[in-house]
Amino acid sequence: MIEAELKARVHSPESVMRLLDERATARVEVYRDTYYDRPDGALEKADQELRVRTVHGADSTRTVLTFKEAAVDEDSGSKPEHESRVEDAEAVHAIMRGLGHIKVIAFEKRCRNYEFESRGRQMLATFVRVPEIDGTFLEVETLVEEDEVSAALDDVRSVLLELGIGPEDLTRETYTGAVAAQRGRIGSVTSQ
């Protein structure tokens, strides 16, 4: 499946949150993301991502292993995504290292997730704050087959417009790149 997603900087978080609260009940979670690569940076060079995410919610904690292939839509950066829940986060980190992967970057995202249906699609809207980055972001995504990406992105744009987010607010800036820059790392990190 392709994660057809657009990300925007939010200039009026309270009003957007109010509109989303009318659509769905928020789920507040903290993501602890760790991105891995080969020592030679082969995954980044191929526009691929390998991530271990541990999600801490009000009632549970879960860990997910994700591999994202290269983008199929350059304007949005939408990528095929393969994801699986795992039982033991520490074991997965050990497996990554044991297979020769190195940790590229790790950081925390504070998220407020809204799941709802719009235009016949299941949508996920996520408010994101990364403590190391200034600003609030909104991601809106839906999972689709590759031949539906363009139409799905049009639907996502429509949802964003309904929330008061225009094309001028969209960004391809990545959290990993922004965190790396904030930490003073040299080199590009392109994961989202």
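Read-outs: derived from the displayed coordinates by stated rules, not from any lab. All figures in this text were calculated on a predicted structure; none of them were measured in a lab. FYI the Cβ positions are ideal-geometry reconstructions off the backbone, even for glycines, and counts take in every protein chain you see.
Quick notes
- Distance in nm between pseudo-label sites at His56 and Phe116 (7 Å out along the Cβ direction from Cα): 2.9
- Net charge over other residues, Cβ less than 9 angstrom from the Cβ of Glu69 (K, R count +1; D, E count -1): -1
- Top positive-direction residue, dipole computed over the range 108-192 with Cβ charges, set Gly120, Leu143, Tyr175: Tyr175
- The modelled label-to-label distance for the pair His11/Val72, using points 7 Å beyond Cα in the direction of Cβ, is 3.4 nm.
- Using the rule -39500 (n - 2.57) for each DSSP H run of four or more residues, divided by the residues of the chain, the 222 nm mean residue ellipticity is -7000 deg cm²/dmol.
- Order of Tyr36, Tyr31 under a 10 Å beta carbon neighbour criterion, fewest first: Tyr31, Tyr36
- Reach of Lys45 by Cα under 16 Å, taken over lysines that are not fewer than 8 positions away in the same chain: Lys68, Lys79, Lys103
- Around the Cα centre of the range 2-182, unit charges on the Cβ atoms of Lys, Arg, Asp and Glu (plus for the first two, minus for the last two) sum to a dipole of about 700 debye.
- Net charge dipole, the range 117-168: roughly 240 debye, given to the nearest 20, about the Cα centre with Cβ charges of +1 for Lys and Arg and -1 for Asp and Glu.
- Furthest towards positive pole of dipole, Ala8, Pro80, Tyr36, structure part the chain, Cβ charges: Tyr36
- Neighbourhood net charge (14 Å Cβ-Cβ; Lys/Arg +1, Asp/Glu -1) for Val92: +2
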